[in-house]
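The values are calculated or read from the model by the stated rules, or taken from the named source; none is laboratory data. This one's a predicted model, so the numbers in the text were calculated from it and none came from an experiment. Cβ coordinates were reconstructed from backbone atoms using ideal geometry, including for glycine residues, and neighbour counts include every protein chain displayed.
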Amino acid sequence: MIKFFRKIRQNMIKENRVSKYILYAIGETILVVIGILIALQINNWNEEKKTKAKIKNTLVALHNDLVQDTLLITNGLPYVIEQFELNESLRDRVAQPKATLDTLINITRYEFNPNWSYQILYNTNAYNSLNQTGLIESLSDSLKANIKNFYNNKFYLNNKVEKITNDYRNKVSSFVDTYAFGSTSLHDQGPLINNLIWENVNPSHLAATFQGISNFKRIQYKETKEEMEYSLTHSRSLLQHIDSYLKKL
């Protein structure tokens with residue numbers, strides 16, 4: 001094809017047909033430009049197709065992460081609620097007008113369990129991939145805002161839980177340096193140690209210690225509960241949004 005066009009140009013030059021040669025050169029240039037534009041358009045289509053496939057795969061992975069997270073929350077939330085309510089009931093009993101030192105000792109010695117709730121390790125690989133690859137910017141404004149708001153709030157609440165958990169862990173360390181660990185059978189010290197610990201307990205110290213540790217436990221479980229409830233509710237909403245978006249791809 002190139003030889004064919006070259007031959008035409010050479011013949012025109014030999015025949016001194018300058019005007020027709022110029023028109024031919026312009027036409028040839030236009031054809032070349034059109035060819036380049038078509039090639040670029042095809043390349044753009046291919047790139048868009050690849051990007052759309054990456055977005056779809058990442059959103060499917062994000063969908064799966066959220067489903068797994070909702071299962072973790074659904075399994076763990078009842079225990080957190082139970083422990084929060086148990087701690088509140090113990091605090092209420094101590095706060096009653098008829099409460100005595102024996103009430104406080106009995107609760108602290110036999111009923112209060114200083115164990116805490118460990119944070120759920122959420123699946124964030126797909127979300128991190130969306131951000132690191134920049135694919136999140138290719139999503140619709142509404143879905144992009146929904147994803148960013150959800151994870152920003154989730155991380156903020158998670159950081160609060162982590163901080164109060166660390167504070168509570170320090171309180172537990174201080175507590176077990178003075179008193180028996182509590183109601184859990186995993187830390188049963190036996191009658192000798194238990195009796196020696198509680199035989200000459202300092203009422204003021206015990207009251208202040210129980211007040212402090214039970215209050216920190218209240219906050220720890222309260223914030224854990226709030227984070228899990230937020231994540232559960234908004235995960236379900238985000239899942240619906242992702243499902244709707246995937247159907248349009």
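What the table shows:
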quantity	calculated
Unmet criterion (only one of (1) over 28 Å from the mean Cα position of the chain (by Cα); (2) within 30 Å of THR51 (Cβ to Cβ); (3) of a type outside the set (Gly, Ala, Ser)) for ILE147	(1)
Residue list for the range 114-142, restricted to those being touching a residue at least 60 places away in the same chain (Cβ under 8 Å) and either in a helix (DSSP H, G or I) or of a type in the set (A, V, I, L, M, F, W, C) (or both)	TRP116, ILE120, ASN125, ALA126, TYR127, SER129, LEU130, THR133, LEU135, SER138, LEU139, SER142
Exclusive hit being at pLDDT 95 or above and either crowded, with 18+ Cβ neighbours inside 10 Å or farther than 30 Å from LEU246 by Cβ (or both), set ILE107, ILE147	ILE147
Qualifying residue in the range 13-29 (condition: loosely packed, with under 13 Cβ neighbours inside 10 Å and either within 29 Å of SER138 (Cα to Cα) or at pLDDT 70 or above (or both))	yes
Identity of the residue in the range 114-144, within 30 Å of PHE210 (Cβ to Cβ) and among the polar types (S, T, N, Q), that ends up surrounded by the most Cβ atoms within 10 Å (Cβ to Cβ)	SER117
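Condition check ((1) of a type outside the set (Val, Ile, Thr); (2) under 24 Å from GLN96 (Cα atoms); (3) modelled with pLDDT under 95; (4) not in a helix (DSSP H, G or I)) across all residues:
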site: ASN194; (1), (2), (3), (4): yes, no, yes, no
site: TRP198; (1), (2), (3), (4): yes, yes, yes, no
site: THR209; (1), (2), (3), (4): no, yes, yes, no
site: GLU227; (1), (2), (3), (4): yes, no, no, no
site: LEU232; (1), (2), (3), (4): yes, no, no, no
